[in-house]
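A quick write-up on the structure given underneath.
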Amino acid sequence: MLNFALNQINTISVQDSKFLKQIKNLTLILKGNNIKYIEPNSFNHSDFNHLDLTGCAWNTDVSSLLNGLNGLTTHTLSIGIFDDIDADINLLPSSLTGLCNISVKELSLQYRHLSEDSKESFSCLTKIEKLDLTSMHLHSLPHVSQPNVVKELILNKNVFPSLCNISSDSFPLITRLHIVGNQNSWGLGNKCLERLSILKYLDLSHNDFHKVSCCTAQFSGLHSLLHLNLSFGAPLQLESPAFPANKQLEVLDLSHVFLLTDGSSSPFSNLADLRTLNLSYSHVNSTYIMIFEGLIKLLYLNLNGNFFHNRILKSDNLFSKVLQLETLILSNCDLEVIETQALQKLENLKSVDLSHNKLTSFATNAFGNLSGVSLNFAFNMISTIPISLVRNISNKTTINLSYNPIDCSCSNIEFLTWYKEQEKIFLDKTNTTCGSPPSLTGTELTKVSISCGIPLPYIIPIIIGALIFIIPTLCLVQYCRRRVYAAI
């Protein structure tokens, strides 16, 4: 790597770059220099890993750079500009003709402005495998007649009026497509991506889509799709099923999307191969027990920021359909109570996040398996913990009880003693502190030392036992005395 970023280089000549031709697989960083001219043949026969010219020639035509890169072979070429530069020069279709004389697999043109959309713009991009057109003020992409090998296309922060305006049929080999943060409200359209039969990854997050029933027609033809991200978007009315053409999906992200369902059947019923589902802050109806029906292979479920009826996680709940779960996130759900055996059927659980709720009980009796599980109960209202709730926890389990007001009085002495004995299984011990009594507030549990007499629960049985023994003994002594006196 050779880094000349943010210097005062204005031109590059053949003589300047002569020594670079001896170095193979070089990463040359020239970003932030106002390079206005590169002499032709300066990089002829050069073999680079990455040539970064980001921010160069921002106020001149980019052809002054590209024409000087003739004969260059590089895996990645970055000739975009920075997002805080107000470029006065538009990128003309003819500006990119110099790319025809460069061998490059990944090209970034981000933040440059295309003055018009025409086939000429893409005539020299036919051998590029990854194309980054982020924030280029694109309203549409032209239909490209020449065969191309683009496998990854990045169209973030543009101004498409519809998903159909990306002319997806011009890029039949795409396996990864990113259209994040379109700058205006737009439509998903119908069958806009139908020709992308080998598309595996689709990121449409941070978009304000027109309200529409989703997603049968919108993702028709995507029979190879494995990863779909629709997070941070406008409300979606999910059909049942919502993804009939995408039954091979493995990852689905709908976080921060207000989901609307008709409640008749699960919108995910045909996604038997789904492994990861993110529904955080999606207003999931927790009383709709059948919502996860069909997700027989689901391993990861994120319900962070959703709410449960009456703030109770009942024993009869929506998790009965996802028995293979390994990770369950229920943080920020405003939970106050977890009923006994609520998660008992989830025998494969390895991580459960119940942090940032209002739980007052360390509800270990909700789980069927307490061996090798990570339990996060941080930021709750747990105070006293009966020893019966922790006695069956193995040393392979990890627990986070930080930021709970733990009672450090004698009424909780059994748990405090157990905590010190099992100290190694607890996380964030620094912030696992006493909430009471006032004299110990803020003290780490590992540093608490209190002296307690016989616990109150034990005193009454001891007294009763003593009375049971003493009273008959006194009666027997009295009886013997009477017998002796009678004999005399």
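The values are calculated or read from the model by the stated rules, or taken from the named source; none is laboratory data. Because the structure is predicted, anything quoted here is derived from the model rather than measured. So basically every Cβ, Gly included, is an ideal-geometry build from the backbone, and we count neighbours across all protein chains shown. For the accessible areas, the whole protein counts, side chains as well, though only heavy atoms, and no ligand, DNA or RNA atoms are used. Shrake-Rupley method; radii C 1.70, N 1.55, O 1.52, S 1.80 Å.
Odds and ends about this structure:
- Seen from every direction in turn and averaged, the convex hull around the alpha carbons of the range 149-197 projects onto 3.1 nm².
- Once the Cβ-Cβ distance of LYS36 and LEU173 is raised to the sixth power relative to R0 = 30 Å, the FRET efficiency obtained is 0.25.
- The range 315-440, relative contact order in percent, only Cα pairs under 8 angstrom and at least six apart counted: 19
- Residues of type lysines that LYS151 reaches as a straight line, Cα spacing below 24 Å, ignoring anything fewer than 8 places off in the same chain: LYS105, LYS119, LYS127, LYS130, LYS191, LYS200, LYS247
- Here's how it looks for LEU91: its modeled amide H is under 5 Å from those of HIS113, LEU114, SER115, which are all 5 or more places away or on a different chain.
- Derived scalar couplings between HN and Hα for the range 98-111 equal x, 5, 5, 9, 10, 9, 9, 9, 10, 10, 10, 10, 4, 6 Hz in order, rounded to whole Hz, by the Karplus curve 6.51 cos²θ - 1.76 cosθ + 1.60 (θ = phi - 60°), x for Gly and Pro.
- Surface share of carbon and sulfur [accessible, 1.4 angstrom probe, percent] for the range 259-393: 48
- Distance (nanometres) between label positions extended 7 Å along Cα→Cβ at LYS105 and SER320: 5.2
- Separation in nanometres of the label points that stand 7 Å from Cα toward Cβ, at SER451 and HIS143: 9.1
- Comparing Cα centroids, the range 337-403 and the range 101-153 end up 52 angstrom apart.
- Nearest 10 degrees, 0 to 90: helix 456-487 Cα axis against the chain principal axis: 10
- Across the chain: Cys residues that no other cysteine approaches within a C-beta distance under 4.7 Å: CYS56, CYS333, CYS475, CYS480
- Base-10 log of normalised Debye intensity for the range 334-465 (one unit scatterer per alpha-carbon) at q = 0.10, 0.16, 0.20 Å⁻¹: -0.33, -0.82, -1.19
- Of all lysines in the structure, the ones whose alpha carbon falls short of 20 Å from that of LYS447, not counting any fewer than 8 places away in one chain, are LYS420, LYS424, LYS429.
- Look at the dipole of the range 255-382 built from charges on Cβ: of ASN270, LEU328, MET290, the Cα furthest out on the positive end belongs to LEU328.
- Using only the C-alpha atoms, the convex hull of the range 319-364 corresponds to 73 Å³ per residue.
- Between GLN341 and SER197, the modelled label-to-label distance comes to 5.1 nm, taking each label 7 Å out from Cα in the direction of the beta carbon.
- Solvent-accessible area assigned to carbon and sulfur over the range 57-97 amounts to 49 percent, based on a 1.4 Å probe.
- Antiparallel beta bridges, as assigned by DSSP with both residues in the chain, represent about 0 percent of the total such bridges.
- Under 11 Å, Cβ to Cβ, from SER95 - net charge with Lys/Arg +1 and Asp/Glu -1: -1
- Mean accessible surface per residue for the chain, computed with a 1.4 Å probe while every protein chain stays in place, in Å²: 47
- Projected onto planes of every orientation and averaged, the convex hull of the alpha-carbon atoms in the chain covers 34.7 nm².
- Working note: Karplus 6.51/-1.76/1.60 with θ = phi - 60° gives the range 327-344 the couplings 10, 10, 10, 10, 6, 6, 9, 6, 6, 10, 9, 10, 5, 4, 6, 4, 10, 4 Hz, where Gly and Pro are set to x.
- When you restrict to C-alpha pairs under 8 Å that are six or more residues apart and normalise by the size of the chain, the relative contact order lands at 5 percent.
- Cα-based convex hull volume of the range 193-293 per residue, rounded to whole Å³: 83
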